[in-house]
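The values are calculated or read from the model by the stated rules, or taken from the named source; none is laboratory data. Everything numeric in this text was worked out from a predicted model, so none of it was measured. Neighbour counts run over all protein chains shown; Cβ positions are idealised from the backbone, glycine included.
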Amino acid sequence: LVMTSTPVLSLYIYYRLRVDLDADIAHASVRAMQATLEQATGIAGRLLQRADDASTWMEIYEGVPEGSAFMHALERETAAHQLADVLASGSVRHLECFMEKR
């Protein structure tokens, strides 16, 4: 009997903030989105700022058991919280998705 399991994913999303935006406003927007996302999925996100560039941020979501459902919720909440408005001109949210090597 061969049992296959759904891989547990870790998502890393990085982006640059608008230079004309108050970082506190961006921080509040991202944290509000993460709180709503956690209520919907049970996955708590982390928010990091690049050590040598305060305008580069990264969201981390670990232990994601169902990538497709989580991605839909993430897209929905990102749009609902208008996170595109905090991005630098020409910037996008870059997503990297990893799974544990067993």
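Output the residues belonging to the stretch 44-81 that are among the aromatic types (Phe, Trp, Tyr) and within 11 Å of residue 15 (Cα to Cα). Show your work before the answer.
So the first thing to find is which residues in the stretch 44-81 are among the aromatic types (Phe, Trp, Tyr), and the list is 57, 61, 70.
If the condition is that a residue be among the aromatic types (Phe, Trp, Tyr) and within 11 Å of residue 15 (Cα to Cα), then 57 is the only one that fits.
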query = Going through the stretch 69-81 one residue at a time, which ones are within 11 Å of the chain's Cα centre (by Cα) and of a type outside the set (A, V, I, L, M)?
reply = 70, 75, 77, 78
task = Evaluate the stretch 82-97: report whether one residue or more is farther than 12 Å from residue 13 by Cβ, at pLDDT 95 or above, under 13 Å from the mean Cα position of the chain (by Cα) and surrounded by 15 or more Cβ atoms within 10 Å (Cβ to Cβ).
result = no
key: Filtered residues of the stretch 12-57 (kept if free of Cβ contacts under 8 Å to residues at least 60 places away in the same chain, more than 26 Å from residue 100 (Cβ to Cβ) and exposed (fewer than 12 other Cβ atoms within 10 Å of the Cβ))   = 20, 22, 24, 52, 53, 54
ask   = Would a scan of the stretch 58-68 turn up a residue that is free of Cβ contacts under 8 Å to residues at least 24 places away in the same chain and not hydroxyl-bearing (Ser, Thr, Tyr)?
value = no
remark   = Residue count, the stretch 33-71, condition touching a helix residue (DSSP H, G or I) at 6+ places or on another chain (Cβ under 9 Å), small (Gly, Ala, Ser) and assigned to a helix (DSSP H, G or I), comes to 2
